[in-house]
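Quick notes on the structure that follows.
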Amino acid sequence: MSAAIDLSARNPVTDTLAVPPICFGTTALANMPGTYGYEVDPARARATIRAMLESECPFVDTSRIYGLGRSEELIGEVLRESGGLPGGAIVATKLDRDPDSNRFDAAQARRSLEQSLAALGLERVHILHLHDPEHAASLDDITAADGALRELQRRKEEGLAEAIGLAAGRVDVMMPILRNWDFDAIITHSRFTLVNRNAEAMIDFAAGKGIAVFNAAPYASGVLAKGADAYPRYVYQAASDEALAPVRGVEAVCAEHGIAPGAAALQFSLRDSRIASTICGVSRPERVAQTFEWAAAPINREAWAALEALPASTDDPEVTRDYRPD
């Protein structure tokens, strides 16, 4: 049987900040049917955020661009209703490009954080990432000597964030930035799962530099949690039978060993010592409790051997994705 995962552990990001092994993503709560294929009403979203903040891992990840600000606004509403951020809770958000022009210079970076803090009702955040540089109008605006990345560093220097990170999709965009700039953390998403290892080398690189790795979307945007028949989408897109074949391979192994595929997908990330925290998107309050059930589910060595023997792609899983922030 696999060793139990200690959900009470706190993994260091900086000398003063440590995070739990599970973080909850709030993208779907912003009601983004173009991305997820379903809607989430505000009452359900707020109930889910409350469940996240009241859980044993009260760590939430959001962004200025999720739902064009709606994700942060919903978190802010819950925090105001409950009298502020609960003790021990951690909030991470992201600097984002202008959604209309895709401009992402230093001025936009400053504006993004100002809008985030206003929406959240906070004076500072624990972790602040620079988000999705691959979608910016110009990468030069980000990487220039006085660009958005330097602005990110200033926010930490000013005490507006305890830690700073890089959160993006494309590994080929992230790696040069990681080599040339200093970060406390990174987020990779959809690229280290049971069916894809596109971020493997980048995770090794970051871990070797002492950068905390947050692995987001272990369910490949939901299909490994909900099932290929119930949710035939892969990394935020309607999926063909060919794209779903690796997922069905996971499901077959899990059925043989009496395991929920969602439990295997989650624990694949949790059991990796290089991963400081696994970011799980949930869109219902009951999914928060289910996350902890899956984290604790027993999976024996034979099942892991069979799962790890399955072929996994190293290609970018989002190469054909039409990115939409709604």
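The values are calculated or read from the model by the stated rules, or taken from the named source; none is laboratory data. Just so it is clear, the structure is predicted and the values come from calculations on it, not from any experiment. Here Cβ is always computed from backbone atoms with ideal geometry, including for glycine, and neighbour counts include all displayed protein chains. The area values use the complete protein model at the heavy-atom level, side chains included, leaving out ligands, DNA and RNA. Shrake-Rupley method; radii C 1.70, N 1.55, O 1.52, S 1.80 Å.
Could you please find all residues in the range 197-216 being assigned to a loop (DSSP other than H, G, I, E, B) and closer than 20 Å to Cys280 by Cβ? Arg197, Asn198, Ala199, listed by residue number.
Among the residues of the range 80-102, the one identified as over 19 Å from Ala163 (Cα atoms) and touching a residue at least 60 places away in the same chain (Cβ under 8 Å) is Pro99. The set of residues in the range 287-304 that are out of contact with any Leu (no Cβ under 8 Å at 6 or more places or on another chain), free of Cβ contacts under 8 Å to residues at least 40 places away in the same chain and either of a type in the set (Lys, Arg) or part of a helix (DSSP H, G or I) (or both) comprises Gln290, Glu293. Residues of the range 1-19 that are surrounded by fewer than 15 Cβ atoms within 10 Å (Cβ to Cβ) and not in a loop (DSSP other than H, G, I, E, B): Pro12 alone. Restricting attention to the range 83-102, the residues that are buried (at least 16 other Cβ atoms within 10 Å of the Cβ) and in a loop (DSSP other than H, G, I, E, B) add up to 5. Check the range 265-281 and report whether any residue there is surrounded by 21 or more Cβ atoms within 10 Å (Cβ to Cβ) and more than 16 Å from the chain's Cα centre (by Cα). Scanning the range 265-281 turns up no residue that is surrounded by 21 or more Cβ atoms within 10 Å (Cβ to Cβ) and more than 16 Å from the chain's Cα centre (by Cα). The set of residues from the range 245-262 being surrounded by fewer than 21 Cβ atoms within 10 Å (Cβ to Cβ), of a type in the set (A, V, I, L, M) and within 29 Å of Asp61 (Cα to Cα) comprises just one member, Ala260.
Residue selection: Ala230 satisfies the criterion of being open to solvent by 20 Å² or more (accessible area, probe 1.4 Å), without any contact (Cβ under 8 Å) to a residue 12 or more places away in the chain and among the aliphatic types (A, V, I, L, M). Select from the range 20-76 the residues that are of a type in the set (Gly, Ala, Ser), crowded, with 20+ Cβ neighbours inside 10 Å and in contact with a Lys or Arg (Cβ under 7 Å, 6 or more places away or on another chain) and list them in ascending order. If the condition is that a residue be of a type in the set (Gly, Ala, Ser), crowded, with 20+ Cβ neighbours inside 10 Å and in contact with a Lys or Arg (Cβ under 7 Å, 6 or more places away or on another chain), then Ala30, Ser63 are the ones that fit. Tyr36 passes all but one of (1) at pLDDT 95 or above; (2) touching a helix residue (DSSP H, G or I) at 6+ places or on another chain (Cβ under 7 Å); which number fails? Of the numbered conditions (1) at pLDDT 95 or above; (2) touching a helix residue (DSSP H, G or I) at 6+ places or on another chain (Cβ under 7 Å), the odd one out for Tyr36 is (1). Just one residue in the set Glu134, Glu162 is in a helix (DSSP H, G or I), at pLDDT 95 or above and open to solvent by 30 Å² or more (accessible area, probe 1.4 Å); that residue is Glu134. Here Leu307 meets the list (1) open to solvent by less than 90 Å² (accessible area, probe 1.4 Å); (2) not in a helix (DSSP H, G or I) almost entirely, failing just condition (2). Among the criteria (1) out of contact with any strand residue (DSSP E or B) (no Cβ under 7 Å at 6 or more places or on another chain); (2) open to solvent by less than 40 Å² (accessible area, probe 1.4 Å), the one Glu302 does not fulfil is (2).
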